[in-house]
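Worksheet: one structure, shown below.
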Amino acid sequence: MELGRIHLIVKGRVQGVCFRAFGEAAARELGLTGWVRNMPAGEVEIVAEGDKKSLTAYLSQVKTGPTMARVTEVIESWSQATGEFEDFKIIYRGSPYT
């Protein structure tokens with residue numbers, strides 16, 4: 001099993017449509033660790049780590065998003081896993097993790 005890390009910026013109609021909850025649930029289902037948060041300009045940012053097969057499946061789900069979302073672009077950046085995360089969480093504004 002080869003581990004990796006993916007950093008995503010998701011653009012489109014991705015705030016106010018439960019995208020963070022969707023991203024968290026999909027990541028946990030695939031056994032990934034990391035976080036998801038809203039960005040001030042209207043995007044959603046995600047950092048996820050896990051095996052590359054699960055990350056690829058996750059990317060596919062993110063490109064679709066939840067029912068009410070309309071994803072227009074996903075900017076992706078792959079790198080080596082750092083192992084810094086214990087689980088996958090939603091980061092809210094004002095969180096010490098931002």
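Laboratory data are not the source of any read-out in this text; all were calculated from the coordinates shown. Just so it is clear, the structure is predicted and the values come from calculations on it, not from any experiment. In this analysis, Cβ positions are derived from the backbone assuming ideal geometry, glycine residues included, and neighbour counts consider all displayed protein chains.
When you count, for each residue, the other Cβ atoms within 10 Å and take the mean per peptide, how do 56-64, 78-86 rank with the highest first? Show your work: numbers first, answer last.
Values: 56-64: 16.0, 78-86: 11.8.
Order by mean packing, descending: 56-64, 78-86.
Helix 52-64 sits at what angle to the longest principal axis of the chain, using alpha carbons and giving 0 to 90 degrees rounded to 10? Orientation of helix 52-64: about 10 degrees from the principal axis. How far, in degrees from 0 to 90, does helix 19-29 lean away from the longest principal axis of the Cα atoms of the chain, to the nearest 10? For 19-29 against the chain, the angle is about 20 degrees.
Sort 15-21, 49-55 for me by packing, meaning the mean count of neighbouring Cβ atoms within 10 Å per residue, highest on top.
49-55, 15-21
Inter-label distance, R93 to Q61: 2.7 nm, where each label sits 7 Å from its Cα along the C-beta direction.
Peptides 66-76, 38-48 ranked from most to least packed, by the mean per-residue count of other Cβ atoms within 10 Å: 38-48, 66-76. Full extension of the chain segment joining K52 with A21 gains 9.0 nm, where the gain is 0.36 nm per residue of separation less the Cα-Cα distance.
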